[in-house]
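A quick write-up on the structure given underneath.
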Amino acid sequence: MTTTTDLSMAPYQVADETFVVPWILEAPPVGLFPMNSLVIRGAEPVIVDTGSPANREQWLNNVWNLVDPMDVRWIFLSHDDRDHAGNLLPVLAACPNATLLTNWFSIGRMAEEWMTPLDRCRFLNDGERLDIGDRTLSAIRPPLFDNPTTRGVFDSHTGLYWSVDTFATPIPRPVQDASELSDEEFNEGQRLGAGVLAPWHVWLDEKKFNAYVDEVRSLPIQVIAACHAPAITGPRIERAFEALHDVPGMEPWQPFVHQDLEQWLAMMAQG
């Protein structure tokens, strides 16, 4: 993946007092790739994931335009990958009243680069809940993930599910909602995203996997927000879960080879 053009978008609302903080990268030859975080305002404001260090200044400006850092009470870190934890330390520094919702293994993995202040942490593991005043946050692992520390989060107040990397999809143009994509764009995007994110899908027990997909689907989800997808609403929610049922039987994704890279470089050189 190469980042030749900044295709950032302004934050957009996906539920009551809930905003996606987007960034978009060029991802030749499949199109564009969203890189999102989330801000939940309310009685005890929450930042969900902290974006990538590659666009730190813009990301911080977007977040602080949504919420005063002194008001932030919680930082939910879904996992420690750089596009989710990349601005964690600046956020902790700017938000002295915030507690980091994380887990033991994430802290250990991040120690390769920085030491997370343990006195600012609260462990929130898969299946656990936290009452934050006007809503309950439930940590629920999404069906697909590329990091063992991953937990999504379900907001009882709005019915929003942060699915982290599940439902990742390339997009042909900047969009805020998956309903703006054609059926073909959405379906093909879901297949590609699942194959790239979870190459281990070829080893899945179909019965066990689909039972867990149905367990997550049983949540009263009104909107799905994800790191690498536009918001998923309405009938597209059901279609997204149907696509997950197809994952165990998918053919493995065929990665691009070096000749592809040479072709992209030649095209870039030609302008």
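The values are calculated or read from the model by the stated rules, or taken from the named source; none is laboratory data. This is a predicted model, so every value here is computed, not measured. Reconstructed Cβ throughout: ideal geometry from the backbone, glycine too, with neighbour counts over all protein chains shown. Accessible surface is based on the protein model in full, side chains and every heavy atom, while ligands, DNA and RNA are left aside. Shrake-Rupley method; radii C 1.70, N 1.55, O 1.52, S 1.80 Å.
State which residue pairs qualify: first residue touching a residue at least 12 places away in the same chain (Cβ under 8 Å) and inside the range 175-197, second residue among the acidic types (D, E) and surrounded by fewer than 17 Cβ atoms within 10 Å (Cβ to Cβ) in any location, beta carbons under 6 Å apart, and separation of 6 or more residues or different chains. Once the first residue is touching a residue at least 12 places away in the same chain (Cβ under 8 Å) and sits in the range 175-197, its partners that are among the acidic types (D, E) and surrounded by fewer than 17 Cβ atoms within 10 Å (Cβ to Cβ) give L197/D146.
Conditions (1) farther than 23 Å from M35 by Cα; (2) not aromatic (F, W, Y), marked per residue:
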{"residue": "Q176", "(1), (2)": "no, yes"}
{"residue": "E188", "(1), (2)": "no, yes"}
{"residue": "F209", "(1), (2)": "yes, no"}
{"residue": "A231", "(1), (2)": "no, yes"}
{"residue": "F256", "(1), (2)": "no, no"}
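Taking the criterion of being among the hydrophobic types (A, V, I, L, M, F, W, C) and either modelled with pLDDT under 95 or farther than 25 Å from A139 by Cα (or both), the only residue of the range 36-54 that qualifies is A54.
Annotation: H157 fulfils all but one of (1) surrounded by 17 or more Cβ atoms within 10 Å (Cβ to Cβ); (2) within 16 Å of the chain's Cα centre (by Cα); the unmet one is (2).
Checking the structure you have, find out if any residue of the range 14-22 is closer than 25 Å to W264 by Cβ and in a strand (DSSP E or B). Write out each step before concluding.
Kept after step one, since they are closer than 25 Å to W264 by Cβ, are these residues of the range 14-22: 22.
Adding the requirement that they be in a strand (DSSP E or B) leaves none.
Scanning the range 14-22, I find no residue that is closer than 25 Å to W264 by Cβ and in a strand (DSSP E or B), so the answer is no.
Selection of the range 1-32 for residues being loosely packed, with under 15 Cβ neighbours inside 10 Å, at pLDDT below 95 and of a type outside the set (S, T, Y) yields M1, D6, A10, P29.
Inspection of the range 205-219 identifies no residue that is open to solvent by 90 Å² or more (accessible area, probe 1.4 Å), under 20 Å from the mean Cα position of the chain (by Cα) and in contact (Cβ under 8 Å) with a residue 60 or more places away in the chain. Just for the range 104-122: of the residues that are in contact (Cβ under 8 Å) with a residue 40 or more places away in the chain and not polar (S, T, N, Q), which one is surrounded by the most Cβ atoms within 10 Å (Cβ to Cβ)? Top of the filtered list is R109.
Per the conditions (1) over 30 Å from D49 (Cα atoms); (2) surrounded by fewer than 13 Cβ atoms within 10 Å (Cβ to Cβ), the sole criterion not satisfied by Q263 is (2).
Just one residue in the set R191, R173 is at pLDDT below 95 and more than 25 Å from W104 (Cβ to Cβ); that residue is R173.
So that you can scan it fast, the table gives a plain yes or no per residue for (1) under 20 Å from S37 (Cα atoms); (2) touching a Cys at 6+ places or on another chain (Cβ under 6 Å); (3) polar (S, T, N, Q):
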residue: G195; (1), (2), (3): no, no, no
residue: P199; (1), (2), (3): no, no, no
residue: Q222; (1), (2), (3): yes, no, yes
residue: A225; (1), (2), (3): yes, no, no
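The C-beta contact set for the range 237-263 (first residue on the phi > 0 side of the Ramachandran plot, second residue open to solvent by 90 Å² or more (accessible area, probe 1.4 Å) and in a helix (DSSP H, G or I), distance under 6 angstrom, 6+ apart or interchain) is empty.
Filter the range 224-235 for residues that are surrounded by fewer than 21 Cβ atoms within 10 Å (Cβ to Cβ), of a type outside the set (S, T, N, Q) and not in a loop (DSSP other than H, G, I, E, B) and give the result. Talk me through it step by step, then tell me what you get.
Step one: list which residues in the range 224-235 are surrounded by fewer than 21 Cβ atoms within 10 Å (Cβ to Cβ), which gives 233-235.
In the following step, the residues that additionally are of a type outside the set (S, T, N, Q) were identified as 234-235.
If the condition is that a residue be surrounded by fewer than 21 Cβ atoms within 10 Å (Cβ to Cβ), of a type outside the set (S, T, N, Q) and not in a loop (DSSP other than H, G, I, E, B), then P235 is the only one that fits.
Residues in the range 35-61 that are farther than 18 Å from D16 by Cα and surrounded by fewer than 22 Cβ atoms within 10 Å (Cβ to Cβ): 9 in all. Counting only residues that are in a helix (DSSP H, G or I), of a type in the set (D, E, K, R) and either at pLDDT 95 or above or closer than 19 Å to T166 by Cα (or both), the range 241-263 holds 1 of them.
Give the residue that is nearest to S37 (Cα to Cα), with candidates limited to residues of the range 118-171 that are among the aromatic types (F, W, Y) and assigned to a strand (DSSP E or B). Result: W162. All of V247, V257 fail the test of being of a type in the set (A, V, I, L, M, F, W, C) and within 21 Å of I171 (Cβ to Cβ), apart from V247. For the range 66-117, filtering for residues that are touching a Leu at 6+ places or on another chain (Cβ under 8 Å) and not in a helix (DSSP H, G or I) leaves 13.
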